[in-house]
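J.: Here's a structure for you.
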Amino acid sequence: MFAKAGKWLDDRLGLSTLIELGSHKTVPVHRYSVFYYLGGMTLFFFLVQVFTGVLLMLYYRPSANEAFESVEFLMTVVPFGWLIRSIHSWSANLMVFFAVLHLISVYFMKAYRAPREITWASGVLLLFLILGFGFSGYLLPWNQLAFFATKVGTDIAGVVPFVGEWMLRFLRGGDRVSGGTLSRFYGWHVAVLPAITTVVLLLHLALVQVKGMSVPPAAEEESRKRTPMKFFPHFALRDLSGWIFALGVLAALAALFPWELGEKADLFAPAYENIRPEWYFVFMFQTLKLVPGGEILGLEYEAIPILLFGALGALLLLVPFLDRRASRDGKSVGWSLAGVAALIFVVAMTCWGYASLLPLYIVFITTILLMLFAFITRGRREEGR
Amino acid sequence: MDANSPQPRRTFINWFLGSTLGAAAATFIYPIFRYVSPPRIPEATTNQVDAGDVNDPVLKDKGFKIVRFGAEPVILLKASDTDYRAFSATCTHLDCIVGYQPDRTRIYCNCHGGCYDLNGRNVSGPPPKPLTAFKVNLVTKGSEPAKIVVSRA
C-alpha cells in the first residue's frame with residue numbers, strides 16, 4: 001500500500017528526480033574537508049532560532065510598558081520558558097560564532113573564486129543580516145543593557161555624513177530611543193529580517209548546490225586522488241551527528257547558564273559600570289573607546305573608525321570582485337595576509353575589551369576542536385577512484 | 001534608419017512602457033519612504049523643573065541624581081554642601097547617560113570611558129564636546145535651602 005501511495009505521490013511531485021539528483025551529489029575529500037561542515041552548522045542554529053523564536057512570540061509583548069514584564073513572566077512562571085529563551089540567546093551567539101568561522105574558512109580557502117562570487121556575497125549579506133538579528137533582538141527584553149546598546153548603536157548610525165540623521169531617526173522611530181524604537185525593532189526582528197534572510201539563504205543554498213563545493217587550490221591534487229564522499233548518506237550523517245552534538249551543547253549551556261534578564265530599562269539612569277555589548281561587537285566597542293574626542297574638517301574623530309568599519313564591511317562583500325588574482329592564479333598572498341591582520345586585530349581588541357585572554361583561549365580551543373572533528377570525519381584513505 | 005522599419009516603434013514602446021513602470025514604482029516608493037521616516041513631533045519646551053528636595057536620599061547617598069528635564073536627562077550633582085551643579089546627562093560621545101564619581105571628582109560615562117570635570121568640560125576619553133550646563137537655584141524655606149530648581153542657563 002505504501003508503494004502504491006509512493007507511486008501516486010511520485011507521479012504528481014516527481015520526487016524520484018530529486019532523489020536521483022541527490023544521490024549523485026558528492027563532497028570532495030581532502031585535508032580541509034572539515035570546513036565544509038561549518039555552513040551546515042550555522043544553518044542548524046538558524047533553524048533553532050526560527051523554532052524557539054516562534055515559541056517566544058507566544059508570550060512576548062512588544063511595548064515599553066510590558067516587554068520587560070512579559071520576558072520576566074516567561075522566565076519565571078511559564079514552564080520551560082527560561083529554557084526556550086536561554087536556548088534562543090545561546091543559539092544566537094553560536095550562530096554568529098559559526099557564521100564567522102564559516103566566513104573565515106571560506107576566505108582563506110579562497111572559495112570565493114570564480115564562479116562563486118555571488119555565493120560569497122550572499123553569504124556576507126547573510127552574516128550582516130545575522131548581526132542585524134542580534135542587534136534588533138537585543139533590545140526586545142527592554143532591560144538596561146538593551147537600552148544603552150541601542151542608544152549607542154543607533155547613535156553610531158547618526159555619525160555617517162549626510163544620511164546619518166535620517167538613518168538615526170529611521171532606526172529609532174523618532175529622535176530618542178523609546179517605546180517606538182521597540183516596536184520597530186520587533187517588526188524587523190520577527191518579520192522584515194526573517195523575510196529577507198529566507199530569500200538570501202535560499203539563494204545561498206541553491207548556489208552551493210549548483211556550483212558544488214569549492215576545493216582550495218592547495219588541496220586540488222589531494223582531492224583528485226581521493227574518492228569524493230557521497231552526500232547521502234555519508235556527508236549528511238556526519239552533518240547530522242554534528243547537529244545532535246550541537247543540540248546537546250546548546251541544552252547544556254542553556255541549563256547551566258540561563259540567560260540573564262537584568263534590570264528593566266530606565267530612561268533616566270546612568271549607564272552601569274562595565275557595560276559592554278555582545279562579544280561580536282566588542283572589537284568595535286573597544287576601538288571607539290580608544291579614539292579621543294576632537295574634530296577634523298567638520299568630522300568628529302569617532303566618525304573615522306565608524307566609517308572605516310563600514311567601508312571594511314563593504315570591502316568584505318566585494319572581496320571576490322577585488323581579488324581577481326585568486327581566480328586567475330589560485331593564490332593571492334596579499335589578501336591572505338590582510339585577512340590574518342584583520343583576525344589578529346579583532347581578537348586582540350576583543351581581549352583588550354574584556355581585559356582578559358579568554359577570547360584567545362576560545363580561538364585555540366576552537367582550532368583544536370576543528371582538528372579533532374576533521375580527524376573523526378575524515379574520508380577513507382584509499383587512492384584513486 | 002528607415003522610418004518604416006519596426007525598430008524605432010519597438011524602441012518607443014519599450015521606452016514608453018519602461019518609463020510608465022518607473023513612474024509607477026516611484027509612486028509606490030515615495031509614500032513608503034515617507035511612511036518609514038518617523039514624523040517630527042515638537043517636544044514641549046521645558047525651561048525649568050523641580051529637582052526635588054535638598055535632603056533627597058539619592059542625592060545625599062550618591063552625590064548626584066538624574067532629573068527628568070522634559071524628555072531629556074539632566075544630571076544634578078552636589079559638589080559640596082552648598083555647591084549644586086547641573087548639566088545635560090547625555091554623553092556627547094554616543095548618547096549614553098553619564099554619572100558622577102564624587103571620589104574622583106569627575107563626571108564619568110560608563111559606556112566608553114568619557115570623562116568630564118565638574119564644569120562639564122570634556123577632559124579625557126572620547127567625548128568631543130562639553131556637557132551643556134544648566135542653572136541650579138535653591139529655594140529657601142525660612143533661612144535654610146529646601147528645594148532645588150533646575151533651569152536652562
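The values are calculated or read from the model by the stated rules, or taken from the named source; none is laboratory data. Here the structure is a predicted model, which is why all the values come from computation and not from measurement. FYI the Cβ positions are ideal-geometry reconstructions off the backbone, even for glycines, and counts take in every protein chain you see.
J.: Exactly one condition in (1) more than 19 Å from the chain's Cα centre (by Cα); (2) assigned to a loop (DSSP other than H, G, I, E, B) is false for residue A:146; which is it?
T.: Here residue A:146 clears every test but (2).
J.: Among the residues in region B:98-111, are any crowded, with 20+ Cβ neighbours inside 10 Å and basic (Lys, Arg)?
T.: No: zero hits.
J.: Among the residues that make up region A:309-324, is at least one of them touching a helix residue (DSSP H, G or I) at 6+ places or on another chain (Cβ under 7 Å), modelled with pLDDT under 90 and surrounded by fewer than 15 Cβ atoms within 10 Å (Cβ to Cβ)?
T.: no
J.: Moving to a separate point now. What number of residues in region A:291-302 are facing another protein chain (nearest Cβ under 8 Å) and out of contact with any Lys or Arg (no Cβ under 8 Å at 6 or more places or on another chain)?
T.: The qualifying residues number 7.
J.: Could you run through region A:63-83 and say how many residues are closer than 14 Å to residue A:143 by Cβ and buried (at least 16 other Cβ atoms within 10 Å of the Cβ)?
T.: So the answer is 7.
J.: So is residue B:36 within 14 Å of chain A (Cβ to nearest Cβ), under 30 Å from residue B:76 (Cβ atoms) and out of contact with any Cys (no Cβ under 9 Å at 6 or more places or on another chain) or not?
T.: Criteria not met by residue B:36.
J.: Go through A:191, A:157, A:146 for me and flag whichever is more than 10 Å from every other protein chain (Cβ to nearest Cβ), surrounded by 20 or more Cβ atoms within 10 Å (Cβ to Cβ) and of a type in the set (Gly, Ala, Ser).
T.: A:146
J.: Specify the residue that is nearest to the chain's Cα centre (by Cα); the eligible residues are those in region B:89-104 that are within 14 Å of residue B:62 (Cβ to Cβ) and of a type outside the set (A, V, I, L, M).
T.: Here the answer is B:99.
J.: Let me spell it out: the conditions are (1) more than 8 Å from chain A (Cβ to nearest Cβ); (2) buried (at least 23 other Cβ atoms within 10 Å of the Cβ); (3) of a type in the set (A, V, I, L, M, F, W, C); (4) touching a Leu at 6+ places or on another chain (Cβ under 7 Å), and residue B:79 meets all of them except one. Which number is the exception?
T.: Every listed condition holds for residue B:79 apart from (2).
J.: What is the residue count in region B:7-57 for residues that are surrounded by 11 or more Cβ atoms within 10 Å (Cβ to Cβ), closer than 30 Å to residue B:82 by Cα and of a type outside the set (S, T, N, Q)?
T.: Final tally of qualifying residues: 7.
J.: Only one of these is under 30 Å from residue A:169 (Cα atoms) and surrounded by 20 or more Cβ atoms within 10 Å (Cβ to Cβ): A:91, A:86, A:136. Name it.
T.: The unique qualifying residue is A:136.
J.: State whether the residues of region A:229-240 include one that is touching a residue at least 12 places away in the same chain (Cβ under 8 Å), in contact with a Gly (Cβ under 7 Å, 6 or more places away or on another chain) and surrounded by fewer than 17 Cβ atoms within 10 Å (Cβ to Cβ).
T.: The answer is yes; a qualifying residue exists.
J.: Report, by residue number, each residue of region A:46-62 that is surrounded by 16 or more Cβ atoms within 10 Å (Cβ to Cβ), touching a residue at least 60 places away in the same chain (Cβ under 8 Å) and out of contact with any Phe, Trp or Tyr (no Cβ under 7 Å at 6 or more places or on another chain).
T.: Within region A:46-62, A:46, A:48, A:49, A:53, A:60 qualify.
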